[in-house]
1. If I filter segment 21-37 for residues that are modelled with pLDDT of 95 or more, closer than 21 Å to V296 by Cβ and β-branched (V, I, T), do I get at least one hit?
2. Just checking, which of L157, L135, L116 is under 21 Å from the mean Cα position of the chain (by Cα), crowded, with 21+ Cβ neighbours inside 10 Å, farther than 13 Å from T79 by Cα and modelled with pLDDT of 95 or more?
3. Just the residues that are modelled with pLDDT of 95 or more, under 23 Å from V149 (Cα atoms) and not hydroxyl-bearing (S, T, Y), please, taken from segment 38-54.
4. Against the conditions (1) at pLDDT 95 or above; (2) assigned to a loop (DSSP other than H, G, I, E, B), where does D225 fall short? Just the number, please.
5. So, in segment 171-202, of the ones that are within 15 Å of the chain's Cα centre (by Cα) and charged (D, E, K, R), which residue ends up farthest from L301 (Cα to Cα)?
6. Six or more apart or on different chains, Cβ atoms under 9 Å: show the pairs whose first residue is in segment 111-137 and touching a residue at least 60 places away in the same chain (Cβ under 8 Å) and whose second is among the β-branched types (V, I, T) and surrounded by fewer than 21 Cβ atoms within 10 Å (Cβ to Cβ).
7. Tally the residues that are within 22 Å of L232 (Cα to Cα) and either touching a helix residue (DSSP H, G or I) at 6+ places or on another chain (Cβ under 8 Å) or not in a helix (DSSP H, G or I) (or both), restricting the search to segment 32-59.
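The values are calculated or read from the model by the stated rules, or taken from the named source; none is laboratory data. Computed from a predicted structure; not experimentally measured. Here the Cβ positions follow ideal geometry from the backbone for every residue, glycine too, while neighbour counts run over all protein chains shown.
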Amino acid sequence: MEQRHLGRTGLRVSRIGLGTLTWGRDTDEHDAAEQLKAFWEAGGTLVDTADVYGGGEAEYLLGRLVDGLVPRRDLVIATKAGSVADPHRRVDGSRGHLLAALDASLGRLGTDYVDLWQLHAFDPETPLEETLQALDLAVSSGRARYAGVSGFCGWQLAKAATWQLAAPGTRTRLAATQMEYSLLQRGVEREVLPAALDLGVGLLPSSPLGRGVLTGKYRTGTPSDSRGASELLAPFVEPYLDDAASRIVDAVTTAAEGLATSPAQVALAWVRDRPGVAAPIVGARNAQQLTEALSVETLSLPDEICQALDDVSAPVHRYPDQDWSTL
């Protein structure tokens, strides 16, 4: 699998990442092992997790599989901290919480360091410079090799990345930002992606298959074994089952038929090759699904198909993005 630099750093990652959101909850150790082995054998390196996935079970599971199944040196392990299971405070970006969370993650993962450590969300109740200092301390102590953010909107990303660049050699630059990005969700193109491109931060798209909808599986109903049929995840999928999404899915399906490939591969190739994207993060239910997604490595969409997909999925950007001087 092709390797790409993550942002304006020396860290190289596979251009498809493996997500572990359901590990330890809906994905058991057997299925996780099959996925990780298939990913590694395909040349994949970037494995994305978080301290809250499965209540910590995703990190435990990944830690048990590393070395026993796949050499640690062959993987780029990315995890996150900052989300908390507190109904009164969903995010804790305090330096104390973050560094304690990192130590706990290292224990669950069974490793001395993570390759990429990300803030899971922006904490409006903690001074940003305190939150970012945790990244600096993690990198300077060797517990993290690179740092990034997740879920930051445009101004938050720009502020954080600029702060880190203001003292080169003292503060660690942001390597990555993780946000949802797909043909069904192009909101990052408004401000997040331009900020990332300008400041040299690589984008790691989550839900690149539109929460599974872009596979086409929901065109005629909700399969009983799908996320849309799950009591826990149905509300996650439902927003992408409207008429506007159906038109985009139809276009993706038409493109896939013309290219003799699958809708999932078309949708994944589209987002993988967008400017500023380093590696879409793919979460699969089993190794068979993952193998299908990984076969996108040999697919490059023709320009005319990219343009057609761009047109049918174009987001509506008005003020202040629209050039009102031409009106």
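1. Among the residues of segment 21-37, not one is modelled with pLDDT of 95 or more, closer than 21 Å to V296 by Cβ and β-branched (V, I, T), which makes the answer no.
2. Being under 21 Å from the mean Cα position of the chain (by Cα), crowded, with 21+ Cβ neighbours inside 10 Å, farther than 13 Å from T79 by Cα and modelled with pLDDT of 95 or more holds for just one of L157, L135, L116, which is L157.
3. G44, L46, V47, D48, A50, D51, V52
4. For D225, the exception is condition (1).
5. That would be E180.
6. H120/V52; H120/V91
7. Number of matching residues: 10.
Listed here are the residues, each with its yes/no results for (1) surrounded by fewer than 23 Cβ atoms within 10 Å (Cβ to Cβ); (2) touching a residue at least 24 places away in the same chain (Cβ under 8 Å); (3) within 24 Å of F152 (Cβ to Cβ).
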residue: V192; (1), (2), (3): no, yes, yes
residue: L197; (1), (2), (3): yes, yes, yes
residue: V201; (1), (2), (3): no, yes, yes
residue: S226; (1), (2), (3): yes, no, no
